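Chemist: Below are the structure tokens for one structure; questions will follow.
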Amino acid sequence: MSKDSISIGYNAKELKLPLLRGTLGTPTVDIGKLNKKLGIFTYDPGFVSTASCKSDITFIDGEKGVLLYRGYPIEQLAKQSTFLEVSYLLMNGELPDEKRLSIFTNDLSHHTILHESLSGFFSGFHYDAHPMAMMVGVVGSLSAFYHSQLDMNDPEHRRISAMRLLAKIPTIAAACYRHSVGLPQVYPRLDLGYCENFLNMMFSRPGQTYTEQNDYIDPVTVEALNLLFILHADHEQNASTSTVRLAGSTGANPYACIAAGISALWGPAHGGANEAVLKMLVEIGTVDNIPKYLAKAKDKNDPFRLMGFGHRVYKNFDPRATITRDTCHAVLERFPSDDPLFELALALEEHALKDDYFIEKKLYPNIDFYSGIIYRALKIPENMFTVMFVIARTAGWVSHWLEMMDEPTHRISRPRQLYTGYDQRDYPTKNA
Ligand code: CMC
């Protein structure tokens, strides 16, 4: 990492701040000594210009629409790899050879099963609990099962925690869905691939044979899931990953940290967008209503936003959206549907891309504009869309948690603030 510096002066004092340059990307001013030396803080709500850590995992160039996992372009990974290879890559830094992948897959499949007592937790939830609410609770409660024996200073203990999370989250996700429709949980099957096993845990019915299950363990469905999981696997310091890092910086149990990440992902500005896109399409209803809703999205006094449009980092196109757009068309061809929402989505995309407001503000469809449509075509229930995002992003969350915990010098994350409340004042004297 090459270093030069920029100078800043305050109160007749001058300080040279190191300018850090990573392998790729924007030069970054190291302001760590600013408070100690000059007695000032920096103010950056929403972390628009602030790097919160160093990381080797993922790189995004928002202007050029570039996304790299450990240096590999997302387009190449999407075309040539599987979600488990990508998970291995994110966690370990290199693609696995055949032997390493086989050990990793085998290791993972043996962690898929839930402790029988944990399976019992689901009965405490009302049948109409949102699956994301159950995910927060059940994933967090894994910490109750794996706490006392966990030595956070032992890298092997940390690796096993990461593997358990990656393996158990699909089992928990499917169990959340089964609970919501009143069906018994399905045990994971060690002989099935990651996506096939998930589909089996979601949709199999008692007494069905594997051949009868082929309609939902369909190769196009498996391929589409694998692709969406790869595209959603990591996205550098997004809100949920930063939440996992922030919680992890205190030394908290990893399962609790991932539950914190799941909570952050749920919001419609982040992972909740895929479910929000479908809700928005239902609200818009027909192609005729599109101009009215575009006008609402542009109106500063109206809270309505076009869900699935815009991104903090991507300002020309989201490379994940380009890939999902093609998949969306392939899936719709494979499962032809007269669902009016598909036609509406494509019409909305066309209108927005020609609209001056969206062009001027560089608001393009993001990955979640299309992912919800694909999941709907694959018959994944709408309230499970964000849970699907959780399954994929777990690979990124655990990789960032491992990276942070491996750093010998990591410190607790503790932002400062610009206080705008009352000056000090006296408590009113009480009448005797
Ligand atoms: N519809 C209408 N106007 C928008 C939209 C939108 N979806 N997104 C941004 N704008 C406007 C916004 O009002 C602002 O206008 P002005 O400059 O006049 O104040 C300008 O564009 C910049 O927006 P911002 O809110 O400052 O941008 P941000 O970087 O803080 O927010 C975002 C990014 C993704 C939260 C936002 O674009 C948004 O709310 N999009 C809809 C939700 C969504 O699709 N989220 C999924 C993101 S991709 C999945 C993931 O990685 O989590």
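Throughout, read-outs are computed from the coordinates displayed, never taken from laboratory work. Quick caveat: nothing in here was measured; it's all calculated off a predicted structure. FYI the Cβ positions are ideal-geometry reconstructions off the backbone, even for glycines, and counts take in every protein chain you see.
Chemist: I need to check one value: relative contact order of the chain, counting alpha carbon pairs closer than 8 Å and at least 6 residues apart, in percent.
Modeler: The value is 20 percent.
Chemist: Hey, another quick one. Tell me the relative contact order for the range 220-284 as a rounded percent, counting alpha carbon contacts under 8 Å between residues six or more apart. Walk me through the numbers before you get to the answer.
Modeler: Working: 32 pairs, mean separation 15.2, N = 65.
Once divided by the residue count of the range 220-284, the mean separation gives 23 percent.
Chemist: Among 95-107, 416-428, 233-245, what's the highest-first ranking by average C-beta atoms within 10 angstrom per residue?
Modeler: Listed from highest to lowest mean packing, they are 233-245, 95-107, 416-428.
Chemist: Mind jotting down the three principal axis lengths of the range 98-223 based on Cα atoms? Whole angstrom, largest first.
Modeler: That gives 47, 43, 22 Å along the principal axes, largest extent first.
Chemist: Another one. Angle between the Cα long axis of helix 319-334 and the longest principal axis of the chain, 0 to 90 degrees, nearest 10?
Modeler: The answer is roughly 10 degrees.
Chemist: While we're on this one: As a test of the formula, what do you get for the chain when each DSSP H run with n ≥ 4 contributes -39,500 (n - 2.57) and the sum is divided by the residue count, at 222 nm and rounded to the nearest 500 deg cm²/dmol?
Modeler: Mean residue ellipticity, 222 nm, calculated: -15500 deg cm²/dmol.
Chemist: Moving on. With the Cα gyration tensor of the range 218-360 giving a ≥ b ≥ c as the square roots of its eigenvalues, does the rule (a/c under 1.5 for rounded; else a/b larger than b/c for prolate; else oblate) give rounded, prolate or oblate?
Modeler: Details: a/c = 2.14, a/b = 1.37, b/c = 1.56.
Oblate, since a/c reaches 1.5 and b/c is not below a/b.
Chemist: While we're looking at this one, here's another question. Among all the lysines, which ones have a C-alpha under 21 Å from K362's C-alpha, if same-chain residues fewer than 8 places away are not counted?
Modeler: List returned: K64, K292, K296, K298, K300, K315, K354.
Chemist: Further question on the same structure: How about the range 9-50: which chymotrypsin sites (Phe, Trp or Tyr not before Pro) there are in a DSSP loop, with at most 13 other Cβ atoms within 10 Å of their Cβ?
Modeler: Numbers: sites: Y10, F41, Y43, F47; in loops: F41, Y43.
When the chymotrypsin sites (Phe, Trp or Tyr not before Pro) of the range 9-50 are filtered for loop state and at most 13 Cβ neighbours within 10 Å, F41, Y43 remain.
Chemist: Let me ask something else about it. Angle between the Cα long axis of helix 239-248 and the longest principal axis of the chain, 0 to 90 degrees, nearest 10?
Modeler: That helix lies at roughly 70 degrees to the long axis.
Chemist: Does the range 323-432 come out rounded, prolate or oblate, given a ≥ b ≥ c as the square roots of the eigenvalues of its C-alpha gyration tensor, rounded meaning a/c under 1.5 and, failing that, prolate meaning a/b above b/c?
Modeler: Taking the square roots of the gyration eigenvalues as a ≥ b ≥ c, the range 323-432 is prolate.
Chemist: In degrees from 0 to 90, rounded to the nearest 10, what is the angle of the helix 254-265 Cα long axis to the longest principal axis of the chain?
Modeler: 90
Chemist: Also, I was wondering about something else. What shape does the range 2-51 have by the C-alpha gyration tensor, where a ≥ b ≥ c are the square roots of the eigenvalues, rounded means a/c under 1.5, and otherwise prolate means a/b greater than b/c and oblate the rest?
Modeler: Working: a/c = 2.83, a/b = 1.34, b/c = 2.11.
Oblate shape, in that a/c is at least 1.5 and b/c is the bigger or equal ratio.
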